[in-house]
Amino acid sequence: MPFKTVRMTVLLASASVLTACASHDEVATLRQPALPPLAVAKASPARPYYRNVAVQAVEGAPEFRWFDGGGVITTRPTRAEVTAGLNQHLLGAEMLAPSRLDAEYMLYTTFEALRGPNVWWGTDKLATARVTFRLVRWRTGELVREKTVEAGYNVHWTGATPEIARAAIGGALVGIGLGYYVNQNHIVDIYDAPIAGAIGGLEAASIGGPRQWSPGFAGAFTAAVATGTAAGRFQDLEAMLAGGAIGAAGAAAGPTPVQRQVASNGEITSAFNGTARRAAATRGLMALAFDMFMNDLSRDGSVVYKTAVSCRALNGDARRGPYLAETANAYAVDCPGARYNDAKTAKAYPSRF
């Protein structure tokens, strides 16, 4: 097969990434407002775990991010990421001690059969693991609580939503003209991929805001590498198609990704960036496993699940502070400065909020 034909095949394959479309129901789900949590897990102030726990060790998670093999190529959360996530969950549950020296209880976390989400574009991202949590009183070495849970969290990719499709079409039109121009000036080659990335980043930022610069740059850079050539020139038609693919890939990352929790073990998202979806899957896995552990601690009253309500429900029609953000049985999720433990199993569909 001539090199030019191979080059065109790669180009068309890159452009085909944008052809997957979300169903009507998926788009409708994405456009609904985000769901508030139904319950919030908090350590009871009268119990020993209240602001009295520190993360001691994480085992079974890799020190560095690498491919873990198996049936598909996947990436697992690193030990540092797990530790940071556990600290955030302990803080949200009011269990994290001010410092390690102040903590009476140490939390040991062990992973078995840890599988991270795959790295392929245009696929769902699933993270699974069997996790054992152990609480140990460090002064005596006494094991006070041990719980093993099996958890899995899936981030479902809908494909191209109407917003992404419109942005991709606009970027493609700009890219066609750009591709023709740079071809006439002999600057279309693999070494100009950073230039294409910058153009894609600008296009994405103009559509989705400054935060979309990085996804736009990444999308356009990848497309430029796939369609570029280290020597020689494109034909004009090829250059226009290459420019269109590069512009479309960059602009498709422009619309701000939207997501909505739809179940206790997964969410639906239109995020084009696979890295963001992998991160969401691993965060969801840890949140789900930690909530199962908190549910076990709630059996003896060490943890209390408070009903999540709006700030208005606790304060009536008062428009000025100070706000009542928490009571013995309720917690307001939308008061200024209020924080809550964003555990995935606490997500539900309240009939009224």
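The values are calculated or read from the model by the stated rules, or taken from the named source; none is laboratory data. Worth saying up front: this structure is predicted, and the values here are computed from it rather than measured. Note: ideal-geometry Cβ built from the backbone for every residue, glycine included; neighbour counts use all protein chains shown.
Here are some notes:
- The C-beta contact set for segment 287-316 (first residue free of Cβ contacts under 8 Å to residues at least 40 places away in the same chain, second residue surrounded by fewer than 17 Cβ atoms within 10 Å (Cβ to Cβ) and not in a helix (DSSP H, G or I), distance under 6 angstrom, 6+ apart or interchain) comprises C311/D334; L314/L324; N315/L324.
- Taken over segment 96-125, residues that are surrounded by 15 or more Cβ atoms within 10 Å (Cβ to Cβ) and touching a Ser or Thr at 6+ places or on another chain (Cβ under 9 Å) amount to 11.
- Of everything in segment 146-166 that is of a type in the set (S, T, N, Q) and buried (at least 18 other Cβ atoms within 10 Å of the Cβ), the residue that is farthest from L114 (Cα to Cα) is T161.
- Conditions (1) over 28 Å from T158 (Cβ atoms); (2) modelled with pLDDT under 90; (3) assigned by TED's automatic domain parsing to the domain that holds T269; number of the one not met by R51: (2)
- Test: residue in segment 112-125 that is more than 24 Å from the chain's Cα centre (by Cα), assigned by TED's automatic domain parsing to the domain that holds G60 and among the hydroxyl-bearing types (S, T, Y): no
- Of all the criteria given as (1) closer than 30 Å to P48 by Cα; (2) modelled with pLDDT under 95, the one not satisfied by G116 is (1).
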